[in-house]
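Undergrad: Take this structure, written in structure tokens, and hold onto it; I'll ask about it next.
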Amino acid sequence: MTRILLSSCHWYFQINSGVLTLILICNNMESYRNIMKTVPQFADRLKQFANRPKITVSSPIDKGIPWVLSIDNVLPEGGLPST
């Protein structure tokens with residue numbers, strides 16, 4: 001399932017000042033909503049590789065501003081607000 005979600009958007013890793021960041025850029029609102037639902041799963045995976053990882057999720061152009069989430073601030077699965 002994770003592979004399918006990641007194939008629906010552009011994504012890459014970036015390291016700034018020693019902080020690992022997963023950057024996800026969604027092409028449409030459907031992929032954006034699906035990615036936002038799985039942020040807790042991505043957070044759990046990233047915790048295995050870095051102490052203070054972050055996730056940035058960008059909605060399609062002109063549909064909002066990017067969310068920058070510190071892993072410490074991610075709610076458990078099912079705890080994110082619906083979009």
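The values are calculated or read from the model by the stated rules, or taken from the named source; none is laboratory data. Note that the coordinates shown come from a computational prediction; the quantities given were computed from them, not determined experimentally. Heads up, the Cβs are rebuilt from the backbone with ideal geometry, glycines too, and the neighbour counts pull from every protein chain shown.
Undergrad: Could you grab the pairs with beta carbons closer than 9 Å, sequence gap of 6+ or different chains, first residue in segment 10-32 and closer than 17 Å to Leu69 by Cβ, second one aromatic (Phe, Trp, Tyr) and surrounded by 13 or more Cβ atoms within 10 Å (Cβ to Cβ)?
TA: Leu22/Trp11; Leu22/Phe42; Ile23/Trp11; Leu24/Trp11; Leu24/Tyr32; Leu24/Phe42; Ile25/Trp11; Cys26/Tyr32
Undergrad: Another question, then. For segment 1-21, name all the residues that are of a type in the set (Val, Ile, Thr) and in a loop (DSSP other than H, G, I, E, B).
TA: Residues of segment 1-21 of a type in the set (Val, Ile, Thr): 2, 4, 15, 19, 21.
Matches in segment 1-21: none.
Undergrad: Out of all the residues in segment 43-52, is one or more out of contact with any helix residue (DSSP H, G or I) (no Cβ under 9 Å at 6 or more places or on another chain), of a type in the set (A, V, I, L, M) and either part of a strand (DSSP E or B) or surrounded by 12 or more Cβ atoms within 10 Å (Cβ to Cβ) (or both)?
TA: No; the residues of segment 43-52 include none that is out of contact with any helix residue (DSSP H, G or I) (no Cβ under 9 Å at 6 or more places or on another chain), of a type in the set (A, V, I, L, M) and either part of a strand (DSSP E or B) or surrounded by 12 or more Cβ atoms within 10 Å (Cβ to Cβ) (or both).
Undergrad: Another question, if that's okay. What is the one condition in (1) in contact with a Lys or Arg (Cβ under 7 Å, 6 or more places away or on another chain); (2) among the aliphatic types (A, V, I, L, M); (3) modelled with pLDDT of 90 or more that Leu22 does not satisfy?
TA: If we test Leu22 against (1) in contact with a Lys or Arg (Cβ under 7 Å, 6 or more places away or on another chain); (2) among the aliphatic types (A, V, I, L, M); (3) modelled with pLDDT of 90 or more, just (1) comes out false.
Undergrad: Still on this structure, please answer the following. State all residues of segment 1-25 that are of a type outside the set (A, V, I, L, M) and within 10 Å of the chain's Cα centre (by Cα); if no residue qualifies, say none.
TA: Here is the first cut: in segment 1-25, the ones of a type outside the set (A, V, I, L, M) are 2-3, 7-14, 16-18, 21.
Answer for segment 1-25, where residues must be of a type outside the set (A, V, I, L, M) and within 10 Å of the chain's Cα centre (by Cα): Trp11, Thr21.
Undergrad: Here is a follow-up. Can you say whether Asp44 is within 18 Å of Thr2 (Cα to Cα), among the acidic types (Asp, Glu) and modelled with pLDDT under 90, as far as the supplied structure shows?
TA: Details: within 18 Å of Thr2 (Cα to Cα): yes; among the acidic types (Asp, Glu): yes; modelled with pLDDT under 90: yes.
In short, yes.
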